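Student: Take a look at the following structure, please.
Derivation of every value follows stated rules applied to the coordinates shown; laboratory data play no part. Bear in mind the structure is a predicted one, so any value in this text is a computation, not a measurement. Positions of Cβ are backbone-derived with ideal geometry, glycine not excepted, and every protein chain shown enters the neighbour counts.
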Ligand SMILES: [Fe+2]
């Protein structure tokens, strides 16, 4: 992996994480049904955790001399997860977020290996934490869906 591919991968990881935050916040706002409150709180827990690291992620990129994608157009182009334009049923929301969270966990696993290879150990620690956080989000979503 050369420097250009490395930067593109990290920008894509940031855009994907931002898209995941926005989708989980949207589900928190729009969820409906008899289990409304359970899903409303679950989605809140997830989006709050992710939102809390967005600024750190952006500053990790800047520390690595990478400009942060910060327009909706750039974020949409670079994200690896699909936007949700509609309002699915609560369990469909959870299934979709579970698939996206698994995508994020795998994405951060790959990004961690690349950052280690590049000698960016501070960044790789951050990426390892993101993989771990998404494994936890996936666990909660998967358990809710049983
Ligand atoms: Fe809220």
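Student: What order do you get for 124, 63 when you list them from fewest to most C-beta neighbours inside 10 Å?
Tutor: By the 10 Å Cβ count, ascending: 63, 124.
Student: Roughly speaking, what is the centre-to-centre gap between segment 15-80 and segment 85-146 when only Cα atoms are used, to the nearest Å?
Tutor: Taking the Cα centre of each part, segment 15-80 and segment 85-146 sit 11 Å apart.
Student: Would you kindly compute the Cα radius of gyration of the chain and its largest Cα-Cα separation (Dmax), both in Å?
Tutor: Cα-based Rg and Dmax for the chain come out at 15.4, 51 Å.
Student: Sum -39500 (n - 2.57) across every DSSP H segment of at least 4 residues in the chain, then divide by the residue count to get the 222 nm mean residue ellipticity, nearest 500. Could the numbers behind the result be given before it?
Tutor: Working: 5 runs with 117 residues, N = 146.
Roughly -28000 deg cm²/dmol at 222 nm, from the helical runs in the chain.
Student: Let me ask something additional. Cut-off is 10 Å between beta-carbons; in what order do 72, 108, 39 appear when sorted fewest neighbours first?
Tutor: On the way: 72 10, 108 24, 39 20.
Ordered from fewest to most neighbouring Cβ atoms within 10 Å, 72, 108, 39 come out as 72, 39, 108.
Student: Then there's this: How much space per residue, in cubic angstrom, does the convex hull of the C-alpha atoms of segment 1-63 take up? The partial results should precede the final answer.
Tutor: Details: hull volume 4.7 nm³, N = 63.
Convex hull of Cα atoms, per residue: 75 Å³.
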